[in-house]
Each structure stands twice: as C-alpha cells, then as structure tokens.
Amino acid sequence: MRYETVIGLEIHAELATKSKIYCSCSTEFGAAPNTHTCPICTGMPGTLPVLNKKVVDYAVMAGLAMNCSITEYGKQDRKNYFYPDLPKSYQTSQFDQPVCQNGYLEIASENGPKKIGITRIHIEEDAGKLIHDDLRGYTLVDYNRCGVPLIEIVTEPDLRSAKEAKCFLETVKSILEYLEISDCKMQEGSLRCDVNISVRPAGQQQLGVRTEMKNINSFSAAVRAIESESERQIDLLEAGKTVIRATRRWDDVKNQSFDMRSKEQAHDYRYFPEPDLVPIVIDRQWVSRIKNSLPELPDSRKKKYLSKYGLSDADAAQLVSSKKISDYFEDTVGNGASPKLAANWLIGEIPKLLRKKGTEEIPFCAEYLAKTIQMTEKGSLSSSAAKAVIEEMFDRPRDPENIAKEKGLLQINDEAAVMAFVEKVIEENPQAVKEIKSGKDKAVGFIVGQVMRYSKGRANPQLINKLLKDILAEK
Amino acid sequence: MKDFTVRELGRLLHGRELSALELTKIYLDRIAKTDAVIESFITVCEEQAIKAAQAADKRIASGEKGALLGIPVGIKDNICTSGVKTTCASKMLSNFVPPYDATVIKKLGQAGAVMLGKLNMDEFAMGSSTEKSYFKKTKNPHLLNCVPGGSSGGSAACVSAGLAPFALGSDTGGSIRQPASFCGTVGLKPTYGLVSRYGLVAFASSLDQIGCFTRDVYDCAIVLNHIAGHDAMDSTSAPFIVPDYTNGLTDGISGKRIGIPKQYLESGIQPEVREAVNKAAEYFEKAGAVCEECSLPLTKYALPAYYLISSAEASSNLARFDGVKYGFRAENCSNLSEMYETTRSLGFGEEVKRRIMLGTYALSSGYYDAYYKKAQQVRTLIQREFADNFKRFDILLTPTTPTTAFEFGEKADPVSMYMGDICTVAINIAGLPAINVPAGLDSRGKPVGIQLIAPPFCEQSLLKCAYAYEQTAGFGFLQPEFKEGI
C-alpha cells in the first residue's frame, strides 16, 4: 500500500533582543554559567516579571512576515511543570490568545509553490540548561538562558515529506534572518524544532495517530528524523499493529527515535492566565508602525531578481536563501556590476572560497567585487585572473586593480603585443600550422594555449583567435 | 514610656526630645522582655535596627523632615528584606536570606524607618489564626489564650502589644483586617495595585496586597503615604498619582452615603459584632452621613470563589519551592522526583499542602472550566455588584469578622476556619480598599472591629470615614490589659 506522511512543525526561535523577556539581564550566548542572572530570572520568591516590549515587536514582525493576523488583546499564561532548569516551576507562555494567528508561508514543493498554514506564533521564555557531570555523579544548572525570549511557530499539518519540511524550515530561517529578530543558530540552540508526524494510506481523509519528536538539532537531523519515523510508523501499520500517540526523543547519533512518554503519562500543564502580568494590548497603530518598518523579505527580493535582473529561478532562490549573500549581491549590483555576473560569482566561486577559508563573512567590500566584475567586462581581467584577484582579496582585501597590476594579471589587449606572441608561436610550430590548414581545429587550441603560455595568461584570448585567423588567411 | 503613635513619635524625634537610637533601643528592650510571651517576632534584627536608627539620627540632625524618619517598624515575614531571613513562617524557607529588598522595604528605608524585625504569620499567609506558623504561636495581647488572627497575626499582635508603633502585613482574603480586628488595631488593605507587590512572596498574585497595622487612622494615612505608588517592577501596580492621605482627614463626612449590605449581618454573626455595626451606623449619622441598608446577594459565592482562585494561584506560586535553588532540601534522595516529593512533603505544613492540592485539582484539565473558570466568572459578577452599589454609596459598612478572637485550637476543622473569612474575601476578589477600625470590646474583653469598604483607589475617602468614626465613637486604640514583663 502507498502511504502519505503528514507533518506539522513546532519551531522555537530565540529572539535577538538585548535583554531577557521579563528582566534586564543580557541574552548574550556563551557567558560563564549563571553570570547573566538576577533574582527575577532565577525565580526567587517575591520577584515579579515585567514584559520586554521588544519581544512583542519581534513577534509581530514575524507574524506579519508570515501572513498572520495580529491579536489585539493577547494574554500570557503559566505552563506548570517541575524541572530543575525551570526555576519558577512554570514557564510563562501563551495558551489561548497568542500574539499571531492564522498565517501561512509559501514554499517551493515538487508540484510547484505550496502554501503551508501557520496556526499560531506565540511568545514565551526559555528555560535554563542542565549540565550533567557523570564522572562525579551530579548535575549543575546554568540559568543564563532562563528568560531568553522565544517565539514558537506552530504549523498546520500541511507538510507531506521530509523535503517539504526542510524547505519550510529554511524559509522560516531566512525570514527570521531578514527580519534580524533571531540569530537562527541551531548549534547554539537559538533555533529548535519539534516534529509531529503521522502516516495514513494514500487517499485517506482521516489523519493517522501522530507522534511528537523532540531533540532535533539541525535541518538535516529533521530530515533524518522524519524519514525514520515515517518508516517506523508505516512498518507498524504494515505489520497490522497500531501507532501509539507518544512523545519520542530523536537520537541523531543512533539515527533512531526513542519513546519518552505515552499519552497517559503526558503532562497536565494546568495552564492558567499569568496573574503577575497584564494583558498585551496591541493597538492597530502599533501593528501598522511595525508593518511600515519591515525590511524587504526574501520572497519579494526573489521576485525582483527574476523580473528586474533576469536571473534564473534557481539562481534567485539560491541568492536569497542567505540574507548575507543577498545583501552583498544587492550592494555589488548597486556598485555597478552586472547582476548576472555578480550572481555567478556569489553563487559559485565565492561560497567555495568561503568554505575553503572557513569563514562566513566575505572580508572585502562589495565595491571591490563590483570593480573586479567590471574589469572582466571591460576585458582588462580574464576570468581566471579575476578568480586569482578575488582569492587574493580574501587574504588581503584591497583595490582589485592594484592587485591585478602588482601580480601582473592585467589582460594584454594591445594588438601589436599579442601579434608578436602569435608570430613567434607560428614560427616555432610549422607542423601545427599545417594541421590547421588541413582543417584540424584542435591545433587552433594548441596555438592559443602556447600564446597564453608565453604571455603568462595575460593575452586576450579573443584577440589571439582573431589575429591567428588573419595570419593564416594571408598565408 | 507610654505607647505613642507614629505621629507623636515623629514630633518627639523632630523636637529632639528623643533620638531615633533611644527610641529603637526602647522597642528592642520591650521586644526582649515582652515578646517571650507574645511571640510575635520570628527574627529580631537588633544590629541592623541600631545602624538604621543611627543613620536616621544623622538625617534628623541635618534637618531632614519625614514622618517615618527614625520610626521603628515590624515587617511580616513574607516581605523580602535584603540580608535578613525571610521565612514565610515555613520550614521550606527557614534558612532563606533574600539578596534584595521588596519595593515597600526600599521605600520605608528611603523614608528612614527602622526595621526591628520580621513578624510571625500563618505559613505562606495561609490561615486565619497564625497557628499555622512553623515556628511559634503568637498570642493575642488582649487574651493570651486567644489567637491574634491571621495570617498577619504577628503584625497585629506586635502593634497591639506596643512592640512597634506600626507594622506591615499582607492581605489576600482578610489577612490584615481580621487580625487587626482580633487585636484591636487599625488595619488597612489598600486597593489592588496601589502598593507594589514586588518582593512580597506570592500566595495568590491576583489577590495579594501589602497594607499596614497602626494604632490609629491618622498613622494609617501617614504609612500609606510612604508605601503607595506605581512601581515599574510590578506590572500590576497602578500608574496612580498618590495624594497626601493625611490631607483633609479631619474634613468630616457630612453628606456621605454609607451602605450597609444586609447579607453581611445575617446568620453566623456574633450579636455583639452586629451590634457594633449598628452602633457605627448611628455614629456615622451623628457625624452627618446618611446610612442605608443595601444588598450584595452574590456575597455567598465569594468564599468558594476565593478558595478556588487563591488555591489555584498558590499551587503555581509555591511550585518554585522544590529544593533545587534555595530553602529546604530533603537529604539522601536517590533521584530527582524523590527529592521533589520528599522536600515538598517535609518542607510544607498541612494547610499549605491542602491548598496546593486543592488548587492543583482546580486547574487540572477537565476540571478547569468547572472550577477555576467558573470562579473567575463569579469574580467578575462580584466586582460588578460592588460597582453597582458604589453608584449609590460612597462607603460600605460591614463587620470585619463574624466573631471576635477565638481560642487556640478552637477551629481545628479547616472549613470552620475558612468560614471566618466570610466578611473579608469579597473585597479582595473585587480588588477594593477596606479598613478595620476598632469598635470596642465584647463582653469577654475581646476587641470588636468594623470594616469600611471604598471604591478602587478611594483610600482618601475611606480614611476620612474611618477617622470620623474613630473620633465620634471615641474607642481609640484598644489598649490590651496585658502588661506582663513591660
């Protein structure tokens, strides 16, 4: 039987506010344990939360970018459970009146663009981190992360494959990056996701029993977890067994999921309205102010790249997938480079060099890249010379023209100079000339190659071809 | 030295007839002698008090004026005090020393008040007799075999016995007004949001409010001047401009309309208490007010709604006491859940555990709508009912408690103890300000109190009315006969 996999995602993104959601402690990652803490975020008796308004701003930005309606009258609720990383023994979150609701995002699926429904986006606080010392047999708690603001983005069960899920995650990540509201670093835990999966016989309307997978730490882990879990569920059904509703923990090393707790053991979080906080009233002026200040989003950039610059769909998608690269592209074009050439460099050679040098930042300014590209357009740099110039700029950023001069990479476009090389090569290679005359084009390549060798790669290849043709025609 | 009010002590201090240090030493000395019997203090902070008194003397010497400058004060032990143990009268926090001050403590500190120590209470403010304290049983200075009321029993007893000229307490369902009534002091629960809750260890966040115990109404106005006001650290604190509550206190109440809700005088009310309310109405009329019976038919739902809401919030508020970060932790546990269970089983007293279980149940999925949500709906209706009555009346007059102080152990059944809150809980549910004013003694020599209730943020009108009653009725502060050790 053919099965369909149905997937819904719960994405947690840490917001890049300077201070925490309910106190003024720093949200900076990587500080010494328990140094970014205060009586409020460590849940000391008698302390009270005060909502950081920036968190609401950011959630509204995310909501608008994901086509949500923004709640006018939101509230916060307590989610009660005991765990040592949760100092108040409740997480302040939102239950039934989240900041954003009923949105969607469009992703590119195998069957063309597809809308994925977003049920809600709500704000909440992050918990601390447990550090287990197995050697000495104890566990320590670091409360630095406690109270770092999060948004949780919950989707409808609209995704049908691991590939779609990955594409959705990438889309969300790039939007959050464009909005500059989250660092989206999965390895630092600033972007996390839980996956709800069920399978059903293809064509069946009713949803199958779902499981929730936790502890997914990268997009590729999400793909592996989805594939593994959907296979597990299909195997169960094929064997005549049933899927049990449960929360499962993904172990990416073992490439396998493990049962955490069944529905019967599920927590009763005893949600109730947080009495220490007042309702979040988001008036329409607030929303329109944020709407007007939203930056250009990847989707609209992509459309611009297609229509205005004539880039291919794949190239445009590739460029906008990273805000950094896309920003750099815009800057390069703004400095006068041809969009197509700029796109080629920023999709091909430059990412290769970034990987090679082990960095995420292009160390030289877009003006230099634009100038390099213009030099190739004018014919003063060959494309191989341009490659060398760019690599040099990775090591020591400076004006590409100076690099080309220093390194003697400027192309020779002077007819007399090139003619001298051509004549010399013809003289030394009568055999090749004979072959050309008898119609063997391969020999043309040999002659050109020889001229390049003598000119140390600087002679303009088009000019070589032209001059060679002229000489042979005369003879 | 005779017992003085805050106002009188201020005159003595500013007239340089007495230094703050001398005054503080007098009170510390009294506490040392008398509190062995009354047992109102959990912690006496002699050293800090002396330092604070010396600092106050310097400020007085430099010409600084201030109604609380150099005045000693006792603080209920659920209000956080930096560097001074704050136990909530619980084993759970028996070793807890906060690294921060509650906002009210900061304010009192800025005003130059001198904290003598921390006062006994029912554990986590849950109770009406102070018998639920983990540490000691505070006596009612008027009758040593009677409870001082609760949960702020230590605060009431301490002011009543003259161990501090004023004290702070907290009131979630009557915890200031009821002990004030039992001990014969003035006790004010301000409007929810008038006084910052930052640093008050939460029992029921939507009901808790800090207030004060004083010897008379004027002092009450002075203290309120110093603790009221918006606080950026408390989101539920109101952005309200605080007037000088002593202003116009003597204006009189001519023309004021006073409502007497009949439901508060129905069955279960001790005749002498009912009599005190009726007498009070006469005094008010004598002072030029108009008294009229009115009706608050939803009153009977206030008590169950109160116990659901307060217990639900408490079950969440007290969840942080888990043995992980501070306070008591059970030893020798083999795993995390055992540590949680044992810590909470041993660390909390019976009443606290009862309320946590009640609240946990009320919030459970499947029961939420029937209990917590329903109670919140009742709350809205009760608020509306009060609001409707305040269209016709400036002030409502009721008994503070159905009976005068009871004896130790008399109310062993929790429900009979809960019933004693019948006159006070609706006020918290509606977030209103209310005050207990002493109304004489009953036939067994126990203080009787009347309760006055005002619309939100109308403390000025409330205090004026209380002051007029105090002056007209002439009971004044009910001095306990107890003199042992003084």
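If the condition is being modelled with pLDDT of 95 or more and small (Gly, Ala, Ser), then the stretch B:260-287 contributes B:276, B:280, B:281.
Only residues that are closer than 16 Å to residue B:88 by Cα and within 13 Å of chain A (Cβ to nearest Cβ): list them for the stretch B:348-366, please.
Start the filter on the stretch B:348-366 by keeping residues that are closer than 16 Å to residue B:88 by Cα, which leaves B:348-353, B:355-356.
The one that is closer than 16 Å to residue B:88 by Cα and within 13 Å of chain A (Cβ to nearest Cβ): B:356.
For the stretch A:176-211, filtering for residues that are under 24 Å from residue A:3 (Cα atoms) and surrounded by fewer than 16 Cβ atoms within 10 Å (Cβ to Cβ) leaves 7. A residue that is more than 10 Å from chain A (Cβ to nearest Cβ) and more than 22 Å from the chain's Cα centre (by Cα) cannot be found anywhere in the stretch B:71-82.
Among the criteria (1) within 12 Å of another protein chain (Cβ to nearest Cβ); (2) surrounded by fewer than 21 Cβ atoms within 10 Å (Cβ to Cβ), the one residue A:42 does not fulfil is (2).
Here is the figure for the stretch A:84-118: residues that are surrounded by fewer than 18 Cβ atoms within 10 Å (Cβ to Cβ) and assigned to a strand (DSSP E or B) total 9. Quick one: residue B:100 ticks every box in (1) more than 24 Å from residue B:311 (Cα to Cα); (2) touching a Pro at 6+ places or on another chain (Cβ under 7 Å); (3) without any contact (Cβ under 8 Å) to a residue 60 or more places away in the chain except a single one, so which number is it? Going through the list (1) more than 24 Å from residue B:311 (Cα to Cα); (2) touching a Pro at 6+ places or on another chain (Cβ under 7 Å); (3) without any contact (Cβ under 8 Å) to a residue 60 or more places away in the chain, residue B:100 breaks only (3).
Check the stretch A:53-61 and report whether any residue there is within 12 Å of chain B (Cβ to nearest Cβ) and under 25 Å from residue B:196 (Cβ atoms). Let's see the steps before the verdict.
If we filter the stretch A:53-61 for residues that are within 12 Å of chain B (Cβ to nearest Cβ), which is where we start, we get A:53.
Filter once more, so that each one left must be under 25 Å from residue B:196 (Cβ atoms): A:53.
Yes - at least one qualifying residue is present in the stretch A:53-61.
Filtering B:36, B:53 for residues that are closer than 27 Å to residue B:197 by Cα and either away from chain A (no Cβ under 13 Å) or in contact with a helix residue (DSSP H, G or I) (Cβ under 9 Å, 6 or more places away or on another chain) (or both) leaves a single hit, B:53.
Each residue in the stretch A:351-363 was checked for being assigned to a helix (DSSP H, G or I) and either crowded, with 20+ Cβ neighbours inside 10 Å or among the acidic types (Asp, Glu) (or both), and 0 of them qualify. Please count how many residues of the stretch B:306-329 are of a type outside the set (A, V, I, L, M, F, W, C), within 20 Å of residue B:378 (Cα to Cα) and more than 9 Å from chain A (Cβ to nearest Cβ). Counting residues in the stretch B:306-329 that are of a type outside the set (A, V, I, L, M, F, W, C), within 20 Å of residue B:378 (Cα to Cα) and more than 9 Å from chain A (Cβ to nearest Cβ) gives 4.
Taken over the stretch B:97-120, the criterion of being touching a helix residue (DSSP H, G or I) at 6+ places or on another chain (Cβ under 9 Å), within 14 Å of chain A (Cβ to nearest Cβ) and either farther than 29 Å from residue B:344 by Cβ or buried (at least 24 other Cβ atoms within 10 Å of the Cβ) (or both) is satisfied by B:103, B:104, B:118.
Check the stretch B:136-150 and report whether any residue there is of a type in the set (Lys, Arg) and closer than 23 Å to residue B:317 by Cα. Steps first, please.
Quick first cut of the stretch B:136-150, residues of a type in the set (Lys, Arg) only: B:136-137, B:139.
Right, trim to closer than 23 Å to residue B:317 by Cα and you get none.
Scanning the stretch B:136-150, I find no residue that is of a type in the set (Lys, Arg) and closer than 23 Å to residue B:317 by Cα, so the answer is no.
Just to verify a result, which residue in the stretch A:263-297, among those that are assigned to a loop (DSSP other than H, G, I, E, B) and among the charged types (D, E, K, R), is farthest from the other protein chains (Cβ to nearest Cβ)?
As a first pass, look at the stretch A:263-297 and keep what is assigned to a loop (DSSP other than H, G, I, E, B): A:263-271, A:274-279, A:282-283, A:294-297.
With among the charged types (D, E, K, R) added as a condition, the list becomes A:263-264, A:268, A:270, A:274, A:276, A:283, A:296.
Values: A:263: 12, A:264: 13, A:268: 5, A:270: 4, A:274: 8, A:276: 5, A:283: 17, A:296: 36 Å.
The qualifying residue farthest from the other protein chains (Cβ to nearest Cβ) is A:296.
Within the stretch A:119-163, the set of residues being within 14 Å of chain B (Cβ to nearest Cβ), free of Cβ contacts under 8 Å to residues at least 60 places away in the same chain and not in a strand (DSSP E or B) comprises A:127, A:128, A:137. Scan the stretch A:428-456 residue by residue and report those that are more than 24 Å from residue A:412 (Cβ to Cβ) and in a helix (DSSP H, G or I). Scanning the stretch A:428-456 gives A:430, A:431, A:434, A:435, A:437, A:442. Look at (1) in contact with a Leu (Cβ under 7 Å, 6 or more places away or on another chain); (2) surrounded by 18 or more Cβ atoms within 10 Å (Cβ to Cβ) and you find that residue B:10 fails only one, number (1).
Could you tell me whether any residue of the stretch B:447-469 is at pLDDT below 95 and surrounded by fewer than 24 Cβ atoms within 10 Å (Cβ to Cβ)? Steps first, please.
So the first thing to find is which residues in the stretch B:447-469 are at pLDDT below 95, and the list is none.
There is no residue in the stretch B:447-469 that is at pLDDT below 95 and surrounded by fewer than 24 Cβ atoms within 10 Å (Cβ to Cβ).
Residues in the stretch A:75-96 that are within 14 Å of another protein chain (Cβ to nearest Cβ) and under 20 Å from residue A:280 (Cα atoms): A:75, A:76, A:77, A:78, A:79, A:90, A:91, A:92, A:93, A:95, A:96. Could you please find all residues in the stretch A:245-260 being surrounded by 13 or more Cβ atoms within 10 Å (Cβ to Cβ) and either in a loop (DSSP other than H, G, I, E, B) or in contact with a strand residue (DSSP E or B) (Cβ under 7 Å, 6 or more places away or on another chain) (or both)? Within the stretch A:245-260, A:245, A:246, A:247, A:248, A:249, A:250, A:251, A:252, A:257, A:260 qualify.
The values are calculated or read from the model by the stated rules, or taken from the named source; none is laboratory data. If you're wondering where the values come from, they're calculated on a predicted model, not measured in any experiment. Quick reminder, even Gly has a Cβ in these numbers, built from the backbone with ideal geometry, and neighbours come from all protein chains shown.
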